[in-house]
Structures are given as structure tokens and as C-alpha cells.
Amino acid sequence: MNEAGRRMAAEIAEQPGIWQGLLQADPGQFDAAAAAIRARSPRFVLLLARGTSDHAALYAKYLVEIRLALPAGLVSPSTMTAYAARPDLQDVLVLAVSQSGGSTDLVDTLAVARAQGALTVAVTNDPSSPLARAAEIGVDVSAGTEQAVAATKSYTAQLLALYLMLERVRGGDPAPALALPRLGEQVLQLNVVMAEHAARYRFAQRMVVTGRGYSYPTAREAALKLMETSYLSAQAFSAADLLHGPVATLDAAMPVVAVVSDGVGGRLMDPVLPRLRATGADLLLVGSAPSVAAAPGGVVLPGGVPEELAPLLEIIPLQYLALHLAVGRGDDPDAPRGLSKVTRTV
Ligand code: F6R
């Protein structure tokens, strides 16, 4: 590969090693966070994040709702920062997710939430960041400094850290995650295949990415990566929402990427796939479900982990797709227009 995208490519390839590091590290920080959460027995979980980290937060929402059987939702930070709302947050866990821990709205919202009685936990890649310091409890995702502007390794490190922490809250066994580094190394081999797919999309102006369940955050994150590095209009929909109207926009000129994992989310895609094909859209399936292997040109991911861990593997080929599409269009995904490493919003 030429110079463009060198950092992003290197950081994509670092991911299995980062997971290995997190899995081998002293689990003390996850135990401590889980113990504090259990001690407070929250009745509700509010998630606080922006951009890529917001997709990790969405993944955590599925874990919380399904595996902890607690209601969860995403905060709209402006309600507290701009509209000065002061909700009663007793019995609420506010879980902030941020690579940099530097965005003002996250720090301010977390501080308000803490003053309003919430238990505050910040999952960041910088334990000395303002967000980590503002929270009662900090969890370090230990992804190492992320130099490419487009977040890749910090995203999957966030997913794994959230999984390891929340599994401990429910008293579950996080052992299935031990297979991830080995499987991740296998998935990295898809780099070349994804470069070929990217060549097909070289002139695409629009794209739709879809999935269900735990794969919906993957679809959202893939669309963001495509937008910010390749400047095409990529929209992500839950496959259920897609059928509630946006399916009307699909036609032969619209590439669609469907993320189809082996599990409940993948099975929910089964009735959707024929509907997508019927539109004539150029459909690429990515995932571990049998339907992917049966599709011409589908990108098959290894099985071997439960559905809730599949998002770590699913995003890698889509990170490669964004990387190669940007480079193929003559852009440098390491220096995308319109995005900086720390975005400070209010
Ligand atoms: C995406 C990206 C941005 C950041 C967002 C949040 O590749 O880099 O969307 O994820 O600016 O930043 P943090 O996680 O630092 O709060």
C-alpha cells in the first residue's frame, strides 16, 4: 500500500494484539467497576458518547438490555449542557464511552449526572483525560495511542472492555472472549478481498449498511467509517427500520452491505435478504451466518464466538473496505477532511 492510509492500516492490524493484551491484563479494573455497579443496583443505564464511541455505546446498550435485563438508553447531551435540564438520576448508571475522553459535552454531562446522583463510569483510552477524571470509576481500554484520525483499534478495544466489565456485573464467564485474538488474526487476512470489493464501489455516491441485534452497531460504525474516509453518503439502518420505509430508496445503483451474524440477529435477517435482493440492489453479505457462505461473493467470517462477540470480528473487513475505498478514490483516510482526533462539541 502507498503512504495514504498507512496509519489506519497499521492500527486495523493491531487489533487482535490489543484484545490479547486486554484479556491477559490484570482484570482488577473490570472487577472493581463491576463491584461498584452491583453495589448500587442501578435500575436504568444511560449511555453517553459521540461518533465511533457512540456505536460502542450502542453495543453496550444491547449487552445491558439483553444480558443484564436492564433498560438502557442513549443520552442527548444538549439536554443537560445547553438546555440545563437537571434530571433525577438516583439509581441510574451513566456509562460514558470515549476514545479521547476530551469532548466538552461528555465531560460536562457526566459532571451533571454525577451531581444528580448517578453512578458514573467512563470507559476511555486515556485514563488521565478530563472525562476519566470526572467519573467516579474509570476503565482504560488500553488500545495505545491512536494516530489515525479514523478510529479503528480504539473501537474494538471499547467493545471488549465493555463486554468484560458487563459480563462481570452479571456474574457471567467472559471466557468465550479468549478465542477473539486468534479469530481476529484470521479476519485480518480479508484485507486483500476487501480491496477487491472496494474497487467495485469506487464510483459509488451512496451506500446503505444494515444489520440487526448486535450487528446493528457494526452497521452504524461501518457507515461512519465510509462517510468520514471516503466521503460517500453511507446510511445505516436496522434491517427492521429499513423495511419501514427506506427500502424504497434501494435500486440497482445502490450498494447495500448487510452484516449477518450467526445467531438471533442473523436469523432476523433471513426474511429481509430476499426483500433486499428484490430491489436489484448490489448486495454484499458480511458475517458468519450460513446465508453469507451461500451468497455469491459473500465475505465469510469465522464462527466460534457467541453472537455478542461477533461485532469485534465483523467490523474489521468493513474498516478495510473504508480504508481501500478512500485510497482508491485518491484520498488519505489518515487525514480525512472534516474530522480531527479530538472533536470538542457542546
Ligand atoms: C470516528 C471518529 C470520531 C470519534 C468521535 C468521538 O472515526 O474518530 O467519530 O469517534 O469524535 O470521539 P471520542 O471517542 O474521543 O469521544
Check: Going through the range 246-297 one residue at a time, which ones are within 20 Å of F203 (Cα to Cα) and assigned to a helix (DSSP H, G or I)?
Finding: T249
Next item on the list: Output the number of residues of the range 141-154 satisfying the condition of being within 17 Å of A177 (Cβ to Cβ), within 14 Å of the ligand (Cβ to nearest atom) and either free of Cβ contacts under 8 Å to residues at least 40 places away in the same chain or surrounded by fewer than 24 Cβ atoms within 10 Å (Cβ to Cβ) (or both).
Entry: 0
Check: Within the range 49-60, how many residues are in contact with a Leu (Cβ under 6 Å, 6 or more places away or on another chain) and either more than 16 Å from the ligand (Cβ to nearest atom) or of a type in the set (A, V, I, L, M) (or both)?
Finding: 3
Note to self: Can you say whether V208 is in contact with a strand residue (DSSP E or B) (Cβ under 7 Å, 6 or more places away or on another chain), aliphatic (A, V, I, L, M) and closer than 27 Å to L339 by Cα, as far as the supplied structure shows?
What the structure shows: yes
Checklist line | Test: V193 is of a type outside the set (K, R), part of a helix (DSSP H, G or I) and either farther than 24 Å from K61 by Cα or within 16 Å of the ligand (Cβ to nearest atom) (or both) | finding: yes
Next item on the list: Please verify whether the range 254-264 includes one or more residues that are among the hydrophobic types (A, V, I, L, M, F, W, C) and over 30 Å from A179 (Cα atoms).
Entry: yes
Check: Only one of A157, A199, A219 is among the aliphatic types (A, V, I, L, M), more than 13 Å from the ligand (Cβ to nearest atom), part of a helix (DSSP H, G or I) and surrounded by 21 or more Cβ atoms within 10 Å (Cβ to Cβ); which?
Finding: A219
Note to self: Among the numbered criteria (1) crowded, with 21+ Cβ neighbours inside 10 Å; (2) at pLDDT 95 or above; (3) over 19 Å from A39 (Cα atoms), which one does L164 miss?
What the structure shows: (3)
Notebook entry, point to check: If you check R275 against the conditions, is it charged (D, E, K, R), in contact (Cβ under 8 Å) with a residue 24 or more places away in the chain and more than 30 Å from D332 (Cβ to Cβ)?
Noted result: yes
Next item on the list: Answer yes or no: is there a residue in the range 129-140 that is at pLDDT 95 or above, surrounded by fewer than 16 Cβ atoms within 10 Å (Cβ to Cβ) and either within 16 Å of the ligand (Cβ to nearest atom) or among the aromatic types (F, W, Y) (or both).
Entry: yes
Check: Would you say P77 is crowded, with 21+ Cβ neighbours inside 10 Å, at pLDDT below 95 and either aromatic (F, W, Y) or touching a helix residue (DSSP H, G or I) at 6+ places or on another chain (Cβ under 9 Å) (or both)?
Finding: yes
Notebook entry, point to check: Quick one: which of V97, V75, V107 is under 23 Å from G172 (Cα atoms) and either within 16 Å of the ligand (Cβ to nearest atom) or in contact with a Gly (Cβ under 8 Å, 6 or more places away or on another chain) (or both)?
Noted result: V97
Notebook entry, point to check: Looking at (1) more than 12 Å from the ligand (Cβ to nearest atom); (2) in contact with a strand residue (DSSP E or B) (Cβ under 8 Å, 6 or more places away or on another chain); (3) over 26 Å from P317 (Cβ atoms), which is the only condition L162 fails?
Noted result: (3)
Check: Which ones in the range 322-344 are within 15 Å of the ligand (Cβ to nearest atom), over 18 Å from H55 (Cα atoms) and at pLDDT 95 or above?
Finding: L323, L325, A326
Notebook entry, point to check: Quick one: is S288 among the polar types (S, T, N, Q), under 24 Å from P174 (Cβ atoms) and within 23 Å of the chain's Cα centre (by Cα)?
Noted result: yes
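The values are calculated or read from the model by the stated rules, or taken from the named source; none is laboratory data. Computed from a predicted structure; not experimentally measured. Ideal geometry is used to build each Cβ from the backbone, glycine not excepted, and the neighbour counts take in all protein chains shown.
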